[in-house]
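A.B. asks: Encoded as structure tokens, here's the structure I'll be asking about.
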Amino acid sequence: MWWIIAIICGCLFLLALFSKSDEEEPVLKQDYDDTFGETKESFSPSNDGIWIGKGMINRELSFRHCCVIAPSGGGKTSSILIPTALELNNCSAVFLDPAEELFTKTSGALSRKGYDIRILNFTKPEVSIGFNPLLTAKTNTELNLLAEAIFAQSMKQTKDSFWPMMASRFVVIMFQLQKKLPESEQTLANTLYLINCMQGDPRKVDALFAKYADQKLFEEYKAMVKHDGKLISNILATCQSTLGIFGDENVARVTSTNTLSFEDLRNEPIALYIHMPIMDAKYLSFLAEIFFHQFFRFCMSHTVTEDELDLFVIADEAGSISIKGFPEALANLRKFFVSVTFAIQSKSQLVERYGKEDAETILANSYHKVLFPGMEASLAKELETRMGKWSFEREDGKRGQREVMTISELIHLPPGKAIYVAGPKRPALITLYPYYDNARLHGKSNIDPPTILGDVPQTITYTKFPELKIVPKEKVVNG
Ligand SMILES: Nc1ncnc2c1ncn2[C@@H]1O[C@H](COP(=O)(O)OP(=O)(O)O)[C@@H](O)[C@H]1O
Ligand SMILES: [Mg+2]
């Protein structure tokens with residue numbers, strides 16, 4: 001009998017212990033539900049925007065963009081990106097989908113909804129659309145920006161930026177010449193070809209400039225090539241190594257033409273998935289960067305009419321690329337009905353890609369932020385401060401005070417929970433709802449992806465040089 005009494009006493013003791021600690025350490029979830037009831041109203045399955053928590057925010061709010069931060073395996077793709085993609089309606093979408101996960105889980109459902117499913121894969125012409133950055137760049141400013149984007153990585157990697165800078169200038173001159181040639185010759189593969197020819201037989205390229213360049217371009221070319229031979233040779237070598245990727249026949253074919261125009265995305269529902277094999281990402285990421293840079297410029301180039309579609313950009317592993325002008329784009333895309341949701345592994349990944357200042361601007365211009373367990377201490381510290389303190393009545397009748405959530409509690413959030421920050425509002429603790437926990441979304445994600453056939457040309461056109469005429473000396477003398 002005595003042991004039953006002992007167990008009952010033990011239980012009562014434990015109960016007293018826990019209820020005491022409950023009073024001293026307020027139940028955070030309950031506290032949050034009281035303070036942030038409004039998030040419940042923000043998320044609804046009947047909305048038509050970005051999926052956060054147990055539903056979506058509305059479209060108007062979605063145009064203010066969303067940054068999702070979690071370490072690898074944290075649930076970014078399954079809790080935010082896949083549900084958002086599966087629920088898209090009445091818009092077009094561009095996905096940065098390096099692991100092809102978004103395509104596998106969402107293209108079947110989108111295809112069934114009537115979306116035209118397309119892939120951009122620089123190494124697989126058999127499935128890819130054509131995307132030609134040189135054809136897309138029209139003005140001189142755009143040609144300069146394209147060259148800058150091509151050489152951006154070499155600029156970062158070398159201490160001496162002289163060579164990539166000169167190479168970039170030289171490539172712009174070559175681009176300008178190509179703009180005078182037929183469209184089929186306005187490709188980056190042809191740029192590489194022309195530069196290779198220049199290393200081999202510069203007279204051929206001289207003749208090309210003599211035939212096609214206007215006076216101004218010809219003078220620029222002359223000023224460039226009159227540099228010392230060794231210097232020119234080094235510049236050309238830098239061009240060759242940076243443009244070397246266009247020597248790959250697959251990359252050359254995919255970048256040889258545009259088979260999908262950016263305008264098409266505004267006119268009919270299209271879901272375009274950009275695939276970039278992780279192994280090749282190092283060599284190919286600049287092409288994805290150029291795509292987004294040119295795409296965002298297009299988005300902001302004209303006022304959107306009522307019959308044009310909204311655009312959703314959903315970028316997985318966005319920390320693997322750095323898009324030129326991304327901070328400014330985020331600040332302005334809202335006015336052009338473009339919503340950007342991007343997933344990164346940490347804030348430091350953003351700092352590494354864009355530098356501290358731009359990383360801060362990117363975060364500031366993403367009105368919605370979802371921070372998963374495992375966040376960096378610096379982020380947790382910021383959140384702790386923003387969440388403020390919470391006061392409560394202790395057992396002895398005095399008032400106690402503590403942080404709404406401490407740094408440690410933020411870093412070690414329970415699985416399935418995240419912190420949602422909407423603009424200047426106080427951060428909220430939310431429950432995530434991954435697609436696989438939702439029968440309807442899970443069902444949609446199981447629809448097989450459609451078979452996609454690429455539509456890029458089989459052959460690449462290289463410029464034919466004008467015949468070099470050897471002029472007999474006496475003829476020159478005789479005039
Ligand atoms: N179908 C599923 N059923 C249950 N859990 C899953 C399923 N798919 C993914 N997960 C869980 O989600 C986690 C990965 O989530 P994911 O969204 O890919 O993370 P991230 O995109 O942040 O790398 C895995 O660790 C796994 O536990
Ligand atoms: Mg992922």
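The values are calculated or read from the model by the stated rules, or taken from the named source; none is laboratory data. It should be emphasised that the depicted structure is a prediction, and the values quoted were computed from it without experimental measurement. Cβ atoms come from the backbone with ideal geometry, glycine included; neighbour counts cover every protein chain shown.
A.B. asks: Which of the residues spanning the stretch 345-397 are over 22 Å from Pro415 (Cβ atoms) and in a loop (DSSP other than H, G, I, E, B)?
C.D. replies: Those that are over 22 Å from Pro415 (Cβ atoms) and in a loop (DSSP other than H, G, I, E, B): Asn365, Ser366, Tyr367, Gly388, Arg394, Glu395, Asp396, Gly397.
A.B. asks: Moving to a separate point now. Is it the case that the stretch 437-444 has a residue that's surrounded by fewer than 14 Cβ atoms within 10 Å (Cβ to Cβ) and under 26 Å from the mean Cα position of the chain (by Cα)?
C.D. replies: No - not one qualifying residue is present in the stretch 437-444.
A.B. asks: Further, regarding this structure: Take the stretch 75-87 and flag every residue that is among the small types (Gly, Ala, Ser) and either more than 7 Å from ligand 1 (Cβ to nearest atom) or touching a Gly at 6+ places or on another chain (Cβ under 6 Å) (or both). Explain how you work it out, then say what you get.
C.D. replies: Here is the first cut: in the stretch 75-87, the ones among the small types (Gly, Ala, Ser) are 75, 78-79, 85.
Scanning the stretch 75-87 gives a single hit, Ala85.
A.B. asks: Ok, one more. Just checking, does the stretch 428-448 include any residue being of a type in the set (Asp, Glu) and in a helix (DSSP H, G or I)? Full working, then the answer.
C.D. replies: As a first pass, look at the stretch 428-448 and keep what is of a type in the set (Asp, Glu): 437, 448.
Still in the list and also in a helix (DSSP H, G or I): 437.
So far as the stretch 428-448 goes, yes, one or more of its residues are of a type in the set (Asp, Glu) and in a helix (DSSP H, G or I).
A.B. asks: I've got another one for you. Condition (residue is aromatic (Phe, Trp, Tyr) and in contact (Cβ under 8 Å) with a residue 40 or more places away in the chain) applied to the stretch 211-224: is it met by at least one residue? Give the derivation first.
C.D. replies: Going residue by residue through the stretch 211-224, those that are aromatic (Phe, Trp, Tyr) are 212, 218, 221.
Remaining after also requiring in contact (Cβ under 8 Å) with a residue 40 or more places away in the chain: 221.
Yes, the stretch 211-224 contains at least one residue that is aromatic (Phe, Trp, Tyr) and in contact (Cβ under 8 Å) with a residue 40 or more places away in the chain.
A.B. asks: How many of the residues in the stretch 137-151 are among the hydrophobic types (A, V, I, L, M, F, W, C), assigned to a helix (DSSP H, G or I) and more than 19 Å from the chain's Cα centre (by Cα)?
C.D. replies: Taking the stretch 137-151 and keeping what is among the hydrophobic types (A, V, I, L, M, F, W, C), we get 137, 143, 145-147, 149-151.
With assigned to a helix (DSSP H, G or I) added as a condition, the list becomes 143, 145-147, 149-151.
Okay, now just the ones that are also more than 19 Å from the chain's Cα centre (by Cα), so 143, 147.
Counting residues in the stretch 137-151 that are among the hydrophobic types (A, V, I, L, M, F, W, C), assigned to a helix (DSSP H, G or I) and more than 19 Å from the chain's Cα centre (by Cα) gives 2.
A.B. asks: Quick one: in the stretch 100-127, which of the residues that are charged (D, E, K, R) and either buried (at least 20 other Cβ atoms within 10 Å of the Cβ) or within 13 Å of ligand 1 (Cβ to nearest atom) (or both) is farthest from Glu289 (Cα to Cα)?
C.D. replies: The initial filter retains those residues of the stretch 100-127 that are charged (D, E, K, R), namely 100-101, 105, 112-113, 116, 118, 124, 126.
Applying the additional criterion that residues be either buried (at least 20 other Cβ atoms within 10 Å of the Cβ) or within 13 Å of ligand 1 (Cβ to nearest atom) (or both) yields 100-101, 105, 118.
Details: Glu100: 17, Glu101: 20, Lys105: 24, Arg118: 18 Å.
Going through the qualifying residues, I end up with Lys105.
A.B. asks: For the stretch 52-74, which positions are within 11 Å of ligand 1 (Cβ to nearest atom) and of a type outside the set (S, T, N, Q)? Break it down into steps so the answer makes sense when it comes.
C.D. replies: We begin by selecting, within the stretch 52-74, every residue within 11 Å of ligand 1 (Cβ to nearest atom); these are 68-74.
Val68, Ile69, Ala70, Pro71, Gly73, Gly74, listed by residue number.
A.B. asks: Tell me yes or no: at least one residue of the stretch 367-387 is touching a residue at least 40 places away in the same chain (Cβ under 8 Å), more than 16 Å from ligand 2 (Cβ to nearest atom), over 23 Å from the mean Cα position of the chain (by Cα) and surrounded by fewer than 19 Cβ atoms within 10 Å (Cβ to Cβ).
C.D. replies: For the stretch 367-387, residues touching a residue at least 40 places away in the same chain (Cβ under 8 Å), more than 16 Å from ligand 2 (Cβ to nearest atom), over 23 Å from the mean Cα position of the chain (by Cα) and surrounded by fewer than 19 Cβ atoms within 10 Å (Cβ to Cβ): present.
A.B. asks: Scanning the stretch 302-328 for residues that are farther than 24 Å from Phe151 by Cβ and not hydrophobic (A, V, I, L, M, F, W, C), which turns out modelled with the lowest pLDDT?
C.D. replies: Start the filter on the stretch 302-328 by keeping residues that are farther than 24 Å from Phe151 by Cβ, which leaves 302-314, 316.
The next check asks that each one be not hydrophobic (A, V, I, L, M, F, W, C); those that pass are 302-303, 305-308, 310, 316.
Numbers: His302: 89, Thr303: 94, Thr305: 95, Glu306: 93, Asp307: 95, Glu308: 97, Asp310: 97, Asp316: 97.
Among those that are farther than 24 Å from Phe151 by Cβ and not hydrophobic (A, V, I, L, M, F, W, C), it is His302.
A.B. asks: Might you let me know whether the stretch 324-337 holds any residue that is under 19 Å from Pro71 (Cβ atoms) and either more than 16 Å from ligand 1 (Cβ to nearest atom) or surrounded by 18 or more Cβ atoms within 10 Å (Cβ to Cβ) (or both)?
C.D. replies: Taking the stretch 324-337 as the starting set, the residues that turn out to be under 19 Å from Pro71 (Cβ atoms) are none.
Looking through the stretch 324-337, none of the residues is under 19 Å from Pro71 (Cβ atoms) and either more than 16 Å from ligand 1 (Cβ to nearest atom) or surrounded by 18 or more Cβ atoms within 10 Å (Cβ to Cβ) (or both).
A.B. asks: Also: What pairs come out if I take residues in the stretch 337-364 that are over 19 Å from Ile50 (Cα atoms) and pair them with residues that are away from ligand 2 (no atom under 16 Å from the Cβ) and not in a helix (DSSP H, G or I) whose C-beta lies under 7 Å away, six or more apart or interchain?
C.D. replies: The qualifying pairs are Ser346/Glu376; Lys347/Glu376; Ser348/Glu376; Arg353/Ser322; Tyr354/Ser322.
For (1) basic (Lys, Arg); (2) assigned to a helix (DSSP H, G or I), each residue gets a yes or a no:
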| position | (1), (2) |
| --- | --- |
| Asp206 | no, yes |
| Leu217 | no, yes |
| Lys222 | yes, yes |
| His227 | no, no |
| Ile232 | no, yes |
| Ala237 | no, yes |
| Val251 | no, yes |
| Arg266 | yes, yes |
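A.B. asks: For the structure I just gave you, tell me whether Ile314 is among the aliphatic types (A, V, I, L, M), within 16 Å of ligand 2 (Cβ to nearest atom) and either surrounded by 19 or more Cβ atoms within 10 Å (Cβ to Cβ) or within 24 Å of Ser378 (Cα to Cα) (or both). Show your work before the answer.
C.D. replies: Working: among the aliphatic types (A, V, I, L, M): yes; within 16 Å of ligand 2 (Cβ to nearest atom): yes; either surrounded by 19 or more Cβ atoms within 10 Å (Cβ to Cβ) or within 24 Å of Ser378 (Cα to Cα) (or both): yes.
The answer is yes for Ile314.
A.B. asks: Moving to a separate point now. Only one of these is crowded, with 20+ Cβ neighbours inside 10 Å and not in a loop (DSSP other than H, G, I, E, B): Ser184, Ser168, Ser154. Name it.
C.D. replies: Only one candidate passes the filter, namely Ser168.
A.B. asks: Then there is this: Does Ser320 qualify as being within 16 Å of ligand 2 (Cβ to nearest atom) and of a type in the set (S, T, N, Q)?
C.D. replies: Values: within 16 Å of ligand 2 (Cβ to nearest atom): yes; of a type in the set (S, T, N, Q): yes.
Spelling it out, Ser320 is indeed within 16 Å of ligand 2 (Cβ to nearest atom) and of a type in the set (S, T, N, Q).
A.B. asks: What pairs come out if I take residues in the stretch 71-82 that are closer than 17 Å to Phe103 by Cα and not assigned by TED's automatic domain parsing to the domain that holds Ala377 and pair them with residues that are near ligand 1 (Cβ under 7 Å from one of its atoms) and not in a helix (DSSP H, G or I) whose C-beta lies under 9 Å away, six or more apart or interchain?
C.D. replies: none
For every residue, the table says whether it meets (1) touching a Pro at 6+ places or on another chain (Cβ under 9 Å); (2) hydroxyl-bearing (Ser, Thr, Tyr); (3) at pLDDT below 95.
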position	(1), (2), (3)
Gln178	no, no, no
Gln186	no, no, no
Asn190	no, no, no
Asn196	no, no, no
Gly200	no, no, yes
Lys204	yes, no, yes
Phe218	no, no, no
His227	no, no, yes
Thr242	yes, yes, yes
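A.B. asks: Would you be able to say whether some residue in the stretch 88-99 is of a type in the set (Phe, Trp, Tyr), within 16 Å of ligand 1 (Cβ to nearest atom) and in contact with a Leu (Cβ under 7 Å, 6 or more places away or on another chain)? Quick ask: steps written out before the conclusion?
C.D. replies: Step one: of the stretch 88-99, the residues of a type in the set (Phe, Trp, Tyr) are 95.
Filter once more, so that each one left must be within 16 Å of ligand 1 (Cβ to nearest atom): 95.
Imposing the further condition that a residue be in contact with a Leu (Cβ under 7 Å, 6 or more places away or on another chain) reduces the set to 95.
The answer is yes; a qualifying residue exists.
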